[in-house]
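Each remark here refers to the structure printed beneath this line.
The values are calculated or read from the model by the stated rules, or taken from the named source; none is laboratory data. Keep in mind it's a predicted model, so treat the numbers as computed, not measured. Cβ placement follows ideal geometry from the backbone for every residue including glycine, while neighbour counts extend to all protein chains displayed.
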Ligand SMILES: [Zn+2]
């Protein structure tokens, strides 16, 4: 790939496998950026339970900050969104692309570009962080499975960086 | 031809012979050799030429401290690496290496004339001599010096290799896998936690590799570490220690293999965060400073020992050891036992321990106490040495073919220093040792001074009947700094080692003075008759050893150099022949040439089509922020210059954003989607900055406001449809929105559907024409774009790019942030006071607009310029003057910010910032250019449809 | 690369997740229009450049998104403490 220029990068069109890892684009999903001063108000508006601790995930809703949640829900799931409430519910389904990294080599692969102690990240936790210079939301779904949410225009780069970092 | 292979011994595998080439000549070695050990075994004592004097140089050391034996290794096209230290190059079959700094050959070098003229090259010579005249520096001195100086040649071909990188975390990181490092790793592993042990050599073991008595222990220990789960990396150099035990290391993965065997990344950058770091980097032996100490064949005693015991190589057939330290004796004894002929041990000290004396006697080695080497005979190799008694300087000559120096030890405190650990002078050791640190860091073994090297004394220069000023006694071998250069620097008034270092360049070579710093310090101390601690100490900086750029870049190469963001419509643009430009991190279609059309022709066609019929433009890169909450209008009101509270849902407003200093930093249109919801747009480049600024005010200044921000830049694809036919083009595709001018006026926003997908449809214009901006969820962007393009065919629609967008907006006098503004332009400067809510008590930047400098007369103001010759397009950035006849330097009153050929007007147009510009309407100004000054008249910034009649249709 | 304790996440996180926001505890005047030119200049431009203890703002931009305050020693680069926005200076 020595002569490849950035413009040539395209989003993975089919899963990539290497010894110990499988990288794939996650199916389309609904994404909501959820904000509220009082989680109870937000919980009531959307009719869902919210995790209260930063980094926890409940039923696909991750707490990213003290007043911020990101809902990653199956395609077609619609959250209620009345106006005039002390909350912000914004549909950002198309903003990001999900990339899944799975296999016994998943931890090491994510660690190629993520400065967190990925090995010690508890299963079921999610956080906003970076992969090299690109912001991501990293969600550890199982011991050897991660969901990485990344803004759409950065996804081809991130996919290529993960492929490049995979064991040969 | 003094070096040779011993019959037995060493860790080399004599069953695996390897062949290689050095300077075109064939050599043989064994698996386990380094390039250096195999060359010495082949009798090669001459390795290179020195940097300044082109003196013949041989191997000094067998570790990373090697200053002389720099070679270029050629692994095929694009894989030529200069300046590698021969002792750090693992031998593989077919290795090809060249010496450096010689022309035409290593043995005959024309540049060596510098050495004969050495008296003309004192310390500071370059600083003093090549200053004047200035023109001679550029034309004569610099090219000549560049040709003569420098190390290996920089590779010119593209590096085809790729490089890996990773982060790693551990509870304990041990740097250096010698006996002390192995012991530290073992202790920690037993108590649990992740332990990483790294070592720069080809195999772990450190000093134990040159001590066969420790080999059994070593093998056993490494097996134990593996069983305990310790991660051990060899060929991995810790190059820097950064805050809170963040250590960067480079692992060399393939260079030790023949090119045909190499697969995967060449090197890997390890970014390691460790709970605790143990430095076990050992110590580096110090050369002695005497006349002729750089003749090939003069080496460190530790190197002679490693060559004999680790590699089975004798450095000579008659080897003399010159010692000021017991370790030289021990090395001599060990070499003698391994079969090396030690002709003599010379020691500057009047007496040594009786054990050493007895051991030397037992082996029949001649011993000269209270003696010093005062001269070396031979130029390309050692032929004999001159010995003097220290008291009466009675001299005699001793034939030999190698001379080993044992000047004591310098603990390797580089990483300790990186971590800003303090050092304390240890007089007994004659070196600086680690003292205190704020990091969870400790030093063990040799690098902490905790190692039994025996006794020794520290001498600045060996006693000699010859004054230092007449000696060629080298301190820094790589930079060719002699003892007399340091003495001269001191005589010329330099007192601090930081100044002496820069004046003499001592310690400033690629080895960072690993063998020279302490000797330099001792000489300065002695010349000044001040203690070493009064001279100071230079600071070590990363990297510990030179590294490839590839390793430092890691993943970030070629396509992965940095992300290139593309919109969902980019593929269509590429397929339709777009020429692209990069804007911030985005790639944007600049224009769409038809056939062999030039950019000017394409842009003129796109402009006219949009003004006469309709054009479409991918505006998806615009920053978008959803501002939601009961206080959304209040928030925007406080932030932007414009009034927002009275804006009705369904309407839009142009917003101008200042910083608190009163200068324009961003702009964009915001639509009120509901009482508590705004769709705010920003410039492409300003998206992240504006969101960050909004969050800052919200979180820290106005936390009482109930409003939240969400970036929706990538949620929406945005298609601008502009031109008199715009409504007709989209009408058949839109559902649920009354597009009539009465129901949907300019600066309104509606929600509905287009091509059966939800849309936020804005009626806005950045062209001055009837216009719409179609926002659809990004996943539908390409489909909607193509549908509009198809629907527009009957109306003669064209796709246009950023260049046409720029021309169309300039014709209307609309500013581009960062092009017509530069962070010093106020709304008034830009002629945009209309955008300021006059009744607002406050907004970000308002108070500053009343500051004296922002209201003074004569500020630069945005104006239009029309060149007298309509065919001339001004250069953007060109300076503007009143009087073109004024002698240089002319009084510059402003500059051109935007300049284009306007197809609609059939002439050039330009925007410019000019001092007191609005008061100069009608005045002719001048733009001096290489071909002569260009006359231009100051006009309004609105060149086209000043009354705005084309918008309201 | 520094490790910074985010008072919201209650974790030590790598520096690359943060941006520095300059000197802390400089409140925007409640009524800027009543500020004298000299006072407004101080608010805009006059900053400390201490050797040693420094109060500064950081934002966990690639984490929880929050601005917070920190006391950092500018000589050693050590963080003495970090605390939430709105809490009094430490
Ligand atoms: Zn945080």
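Go through the range C:6-17 and count every residue that is in contact (Cβ under 8 Å) with a residue 40 or more places away in the chain and either more than 21 Å from residue C:86 (Cα to Cα) or more than 9 Å from the ligand (Cβ to nearest atom) (or both).
Taking the range C:6-17 and keeping what is in contact (Cβ under 8 Å) with a residue 40 or more places away in the chain, we get C:6-9, C:13, C:16-17.
Among the residues that remain, those that are also either more than 21 Å from residue C:86 (Cα to Cα) or more than 9 Å from the ligand (Cβ to nearest atom) (or both) are: C:13, C:16-17.
Number satisfying all stated conditions: 3.
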Residues of the range A:1-52 satisfying the condition of being over 19 Å from the mean Cα position of the chain (by Cα), part of a strand (DSSP E or B) and within 13 Å of chain B (Cβ to nearest Cβ)
A:18, A:36
Within the range C:63-78, residues near the ligand (Cβ under 9 Å from one of its atoms) and on the phi < 0 side of the Ramachandran plot come out as C:63, C:64, C:66, C:68
Could you please tell me which pairs satisfy a Cβ distance under 6 Å, a separation of 6+ or placement on different chains, a first residue in the range B:151-173 that is farther than 21 Å from residue B:263 by Cβ and more than 10 Å from chain A (Cβ to nearest Cβ), and a second residue that is outside any strand (DSSP E or B) and modelled with pLDDT of 90 or more?
B:171/B:193; B:171/B:194; B:172/B:188
Pairing a residue in the range B:545-563 that is more than 14 Å from chain A (Cβ to nearest Cβ) with any residue that is part of a loop (DSSP other than H, G, I, E, B), where Cβ atoms lie under 6 Å and the two sit 6 or more apart in sequence or on different chains, gives B:545/B:64; B:546/B:510; B:551/B:163
Looking at the range B:448-474, which of its residues are closer than 23 Å to residue B:332 by Cα, in contact with a helix residue (DSSP H, G or I) (Cβ under 8 Å, 6 or more places away or on another chain) and at pLDDT 95 or above?
B:461
Positions within the range B:503-531 being crowded, with 19+ Cβ neighbours inside 10 Å and either at pLDDT below 90 or assigned to a loop (DSSP other than H, G, I, E, B) (or both), in sequence order
B:505, B:506, B:507, B:509, B:511, B:512, B:513, B:514, B:515, B:516
When residue A:83 is evaluated against the numbered criteria (1) in the same structural domain as residue A:61 (by TED's automatic domain parsing); (2) out of contact with any helix residue (DSSP H, G or I) (no Cβ under 6 Å at 6 or more places or on another chain); (3) at pLDDT 95 or above, which criterion, by number, is the only one it fails?
(3)
Considering residues of the range A:61-87 that are more than 16 Å from the ligand (Cβ to nearest atom) and either in a helix (DSSP H, G or I) or under 25 Å from residue B:565 (Cβ atoms) (or both) only, the residue nearest to the chain's Cα centre (by Cα):
A:72
Name every residue in the range B:585-594 that is more than 7 Å from chain A (Cβ to nearest Cβ) and within 25 Å of residue A:164 (Cα to Cα), in order of residue number.
B:585, B:586
Among the residues of the range B:175-199, write down those that are touching a helix residue (DSSP H, G or I) at 6+ places or on another chain (Cβ under 8 Å) and within 14 Å of residue B:270 (Cα to Cα).
B:175, B:197, B:199
Report the residue count in the range C:79-90 for those that are away from the ligand (no atom under 16 Å from the Cβ) and either in a strand (DSSP E or B) or over 18 Å from residue C:27 (Cβ atoms) (or both).
1
Checking the structure you have, find out if any residue of the range A:134-149 is within 12 Å of chain B (Cβ to nearest Cβ) and over 15 Å from the mean Cα position of the chain (by Cα).
no
Taking first residues from the range A:16-30 that are within 11 Å of residue A:96 (Cβ to Cβ) and second residues anywhere that are at pLDDT below 95 and assigned to a strand (DSSP E or B), the pairs with Cβ under 9 Å that are 6 or more apart or on different chains are none
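Is it true that some residue in the range C:62-73 is closer than 26 Å to residue B:241 by Cα, touching a helix residue (DSSP H, G or I) at 6+ places or on another chain (Cβ under 6 Å) and either in contact (Cβ under 8 Å) with a residue 12 or more places away in the chain or within 12 Å of chain B (Cβ to nearest Cβ) (or both)? First the steps, then the outcome.
Our first condition is that a residue be closer than 26 Å to residue B:241 by Cα; within the range C:62-73, this holds for C:62-63, C:70-73.
Add one more test, that the residue is touching a helix residue (DSSP H, G or I) at 6+ places or on another chain (Cβ under 6 Å), and what stays is C:62-63.
Pick out the ones that are also either in contact (Cβ under 8 Å) with a residue 12 or more places away in the chain or within 12 Å of chain B (Cβ to nearest Cβ) (or both) and you get C:62-63.
Looking for residues that are closer than 26 Å to residue B:241 by Cα, touching a helix residue (DSSP H, G or I) at 6+ places or on another chain (Cβ under 6 Å) and either in contact (Cβ under 8 Å) with a residue 12 or more places away in the chain or within 12 Å of chain B (Cβ to nearest Cβ) (or both), one finds at least one in the range C:62-73, hence yes.
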The range B:680-790: strands (runs of 3 or more DSSP E) wholly inside it with 1 or more residues that are not assigned by TED's automatic domain parsing to the domain that holds residue B:655 are none
Selection from the range A:85-100 of residues that are more than 7 Å from every other protein chain (Cβ to nearest Cβ) and under 17 Å from residue B:629 (Cα atoms)
A:85, A:87, A:89, A:91
Is there a residue being within 16 Å of the ligand (Cβ to nearest atom), more than 27 Å from residue B:843 (Cβ to Cβ) and crowded, with 19+ Cβ neighbours inside 10 Å anywhere in the range C:48-57?
no
Take the range C:35-45 and flag every residue that is surrounded by 11 or more Cβ atoms within 10 Å (Cβ to Cβ) and either within 16 Å of residue C:22 (Cα to Cα) or within 16 Å of the ligand (Cβ to nearest atom) (or both).
C:42, C:43, C:44
If you go through the range C:18-34, how many residues are within 16 Å of the ligand (Cβ to nearest atom) and more than 8 Å from chain B (Cβ to nearest Cβ)?
2
